[in-house]
Amino acid sequence: MLGFLFGFNARIGRLYFFLITIGLALVMTAIAFAVAGYMFEHTPKGIHLSADDLMTWPVIVTGVIFFFATFSLQAIRIRDIGWDPVCVIPAWIAIAIVDRLVAIKIPSWSIGHSHQGTIVGLLINVVLGFVLLFWPSGDLEGWTPSPLGESHRKPNEPAPRQSGASAPAGRIAQATRAGFGQRGW
């Protein structure tokens with residue numbers, strides 16, 4: 001079920017990941033400005049708000065949507081690399097938690113007094129970010145077919161031709177992967 005919820009069974013290439021990440025960042029920024037404008041407009045003037053006062057439903061819903069979108073996008077890219085996102089993402093979260101605990105318990109190891117992380121955690125996050133951006137796509141050999149029964153092929157591999165099928169029908173079948181125009185007798 002997690003495969004359908006977070007996109008664990010989907011794949012996305014490097015360029016598309018980069019472009020979608022840029023687009024998602026722009027959309028997130030626009031939504032954050034809209035929520036901040038709403039909060040600024042509907043807050044009485046001259047009142048200093050604490051962090052607890054700022055946790056309203058629009059902020060919480062926006063945060064959940066941002067988390068879901070970035071989590072899903074990273075899971076899809078990790079699957080494309082050929083790794084299992086069910087293993088990689090919990091390990092990444094565990095490293096972030098341990099890094100934060102170390103930075104809190106040993107403040108001299110933290111990056112700065114305003115940061116809650118160490119240089120080791122920062123380097124791990126930077127390396128994993130570069131891996132998501134620059135690591136080549138994995139081989140499709142371990143790729144499982146979709147639940148609809150569609151078969152997947154390598155991008156450089158031509159579509160299999162059935163005997164008796166015309167060239168236009170073959171191109172349509174390759175584009176739609178539905179076998180349109182081909183007789184399956």
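The values are calculated or read from the model by the stated rules, or taken from the named source; none is laboratory data. The model shown is predicted, which means the values in this text are computed figures rather than measured ones. Glycine gets a Cβ as well: all are built from the backbone with ideal geometry, and neighbour counts include every protein chain shown.
For this structure, a couple of remarks:
- Any hit, region 14-24, residues being within 22 Å of the chain's Cα centre (by Cα) and among the basic types (K, R): yes
- Within region 20-53, the residues that satisfy the criterion of being surrounded by 12 or more Cβ atoms within 10 Å (Cβ to Cβ) and farther than 17 Å from F67 by Cβ are A34, A36, Y38, M39, T43.
- Those helices (runs of 4 or more DSSP H) of region 25-121 in which at least 2 residues are modelled with pLDDT under 90 and of a type in the set (D, E), considering only elements entirely within it, cover 51-54.
- Within region 57-64, one or more residues are exposed (fewer than 13 other Cβ atoms within 10 Å of the Cβ), under 16 Å from the mean Cα position of the chain (by Cα) and not basic (K, R).
- If the condition is being in contact (Cβ under 8 Å) with a residue 40 or more places away in the chain and either of a type outside the set (S, T, N, Q) or not assigned by TED's automatic domain parsing to the domain that holds F71 (or both), then region 8-27 contributes F8, A10, R11, I12, G13, R14, F17, F18, I20, L24.
- Test: residue in region 79-88 that is basic (K, R), under 18 Å from the mean Cα position of the chain (by Cα) and surrounded by 13 or more Cβ atoms within 10 Å (Cβ to Cβ): yes
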